[in-house]
């Protein structure tokens, strides 16, 4: 069923739209730079109209061979392994001889899905989560340095964060699963953060590492908020009581206030604080040491956007910065309902099926890639 | 060599120092020592422990020779179960010495840690260890789950006891990874190796059932790994479960297969197998199995389920028909 020819060129009959996109993609690859670290040690996967990975186990000798294949074949999707192999094209996988692998995190808007088309609100949310992953986990907890991280837009609705560090390159699946579980707070035993000694109740200090410290710091910070403070205890109405509690948490003593149902209440607060990325990263991607992942700066065949490398997350605006076909116009016929969208400052839609429109190239390519329009 | 160094070597015979000592001193493996080596392996297999002997000056060099002999015997037997169980027992022995040396504060613990390229940094009563060492050298259990640990700037805080436990794990992995030694062994070694094979509990080999010879290589390998208490990743377990359910194996039998998994829980396993059964999951294709890292052969049958048909389906169908009659 899944027996894929390893390396066969693609010669099936293409639709007009597919042909159009192939030409566009090919011309883009002939003019753009490719930037893949150690391409000779990676397994590549190419995809087409029907499947994001149609051919895998592809090996290239160097960057220029990769580029010439991209120009001549212009796959709609290009992925490469997170792993480095001695023999990237060998099969079965064990014969590739795994050497090491980048650690990757896949953040996707799928979690807050609102349909097939790109939604500004969701995109902002994922960007915030990518920010949280880096600023609250990868840098402070895991101790990676900024130059070990590279971020790229997925080309669709999410972000990929690649970590290239000696500290993690050799880790196996299980170890990577532990890392993913940490980031998502999976298996966190909240009770273990707190313990009783006689009548006293101890918990994490603000200076602690791990989730204990995260919770203590977030808790102390939120005491500024009246609503939060009062939901803990009425006593905290007085500023001096808040100050006392703050000082006491610094030392790990959480007993300073008589909170009713203390443990449940703290657990409830913990859940509300969104200190983990539960449901926001795909743990299977992080754990998979032979995962094929979208090549940075390649074109995503489901949007026509670049899986663009991102230097500054804050400044990056996917709908502005990721579209690549910015010259000319194209007339298309709409085949399914399209909501109002804005790509590169051009607002268009909503469209009903059957409508035709002449659109800036990036918008037309987007609709063709979404299979929501045909050439007209 | 100074006697202090020899003490270190005899306690930690898997270290580079010990190996250098052995190769320099040209220790001879007399027949008495081979007997003692066999006793060491025997003990490891039967009791799960390697006995510590009184550290008399004469016994120290002997310990080194016995360890070398034990490795040869294990290698000659060349069986996964024996290698794993022996490695665990040697690691426990090392762990006991490490705990003692930790209290004696003689630098031995740091020296063993450096053997694994790990540096523990003291922080109060505890230690900081880099994540790159923490993850491979801690057992997969709730106690060591990273989520519940203090992780800061790439370092994990571990207690004194946990530090020793981690090194035990490292010793186990090191010994397991270094065996079997490929060499020609003398007759007394190979004979001892054969006697060790007889010590494998029957249960370990008794999992083979009728029909299992028709399982594809990946499935056989997973069953074999399970029987030897080798941990399978979650994705592999699910695939194995789906296969066995589709192959008509009863839930009881499937649960039995998982009984030797290092983290076996009867309740969970039974629930999960029943879940697979009631949801009628599709068998992952060969290429998916390959991406899970469990494909070990190039059978080209598309899906493990089709292997039987591809290899000897006709014969099987005939047999099944005869059975019905």
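Readers should treat all values here as calculations from the given coordinates under stated rules, not as data from a laboratory. The shown structure was predicted, so the numbers you read here are calculated from the model rather than taken from an experiment. A quick note on method: Cβ atoms are made from the backbone with ideal geometry, for glycine too, and the neighbour counts reach across all protein chains shown.
First check a/c for segment A:172-226, with a ≥ b ≥ c the square roots of the eigenvalues of its C-alpha gyration tensor; if it is under 1.5, answer rounded, and if not, answer prolate when a/b is larger than b/c or oblate otherwise. Since a/c reaches 1.5 but b/c is at least a/b, the shape of segment A:172-226 is classed as oblate. For the segment B:149-159, counting C-beta atoms of other chains within 10 Å of every residue's C-beta and taking the mean gives 6. Per-residue ellipticity at 222 nm from helix content only, as computed over chain B with -39500 (n - 2.57) for each DSSP H run of at least four residues, stands at -19500 deg cm²/dmol. Note: chain A, Cα convex hull, 172 Å³ per residue.
With q set to 0.17, 0.25 Å⁻¹, the log10 of I(q)/I(0) for segment A:329-375, from the Debye formula over equal scatterers at the Cα positions, is -0.36, -0.83. With the largest listed first and rounded to whole Å, the semi-axes of the equivalent ellipsoid of segment A:190-272 from the Cα gyration tensor are 18, 14, 13.
Shielding of peptide B:281-294 by partners, expressed as the average count of other chain Cβ atoms within 10 Å per residue Cβ, is 4. Could you state the angle between the C-alpha long axis of helix B:304-324 and the longest principal axis of the C-alpha atoms of chain B, as a value from 0 to 90 degrees rounded to the nearest 10? For helix B:304-324, the angle is close to 60 degrees.
For chain A, the mean residue ellipticity at 222 nm estimated from helices alone is -9000 deg cm²/dmol, where every DSSP H run of n ≥ 4 contributes -39500 (n - 2.57) and the total is divided by all residues, rounded to the nearest 500.
Most mobile of A:293, A:179, A:232 per a Gaussian network model of chain A (Cα springs, under 10 Å)? Residue with maximal mean-square fluctuation among A:293, A:179, A:232: A:232. Starting from the Cα gyration tensor of segment A:26-70, take the square roots of the eigenvalues, sort them a ≥ b ≥ c, and report rounded, prolate or oblate (rounded when a/c is under 1.5, otherwise prolate if a/b is larger than b/c, else oblate). Oblate. Note on A:280-293: average number of Cβ atoms from other chains within 10 Å of each residue's Cβ is 1. Distance between the C-alpha centres of segment B:80-146 and segment A:46-115: 38 Å, rounded to the whole angstrom.
Per the Cα gyration tensor, segment B:3-196 maps to an equivalent ellipsoid with semi-axes of 31, 19, 13 Å, ordered largest to smallest.
Debye-formula intensities of segment B:172-298, expressed as log10 I(q)/I(0) at q = 0.09, 0.19 Å⁻¹, are -0.33, -1.14 (one equal scatterer per alpha-carbon, no solvent). What the Kirkwood sum gives for segment A:231-376 is a hydrodynamic radius of 20.3 Å, with every pair of different alpha carbons counted.
Taken along its principal axes, the alpha carbon cloud of the protein assembly as shown reaches lengths of 93, 83, 58 Å, longest axis first. Compared with the dominant Cα axis of chain A, that is its longest principal axis, helix A:262-272 is turned about 20°. Working note: Cα gyration tensor of chain B, eigenvalues times five, square-rooted, sorted largest first, giving semi-axes of 42, 27, 15 Å. Springs between Cα atoms under 10 Å define the GNM used for chain B, and in it the highest mean-square fluctuation of B:267, B:220, B:16 occurs at B:267. Can you give me the angle between helix B:16-25 and the longest principal axis of chain B, using Cα atoms only, in degrees from 0 to 90, rounded to the nearest 10? Helix B:16-25 sits at roughly 70 degrees to that axis.
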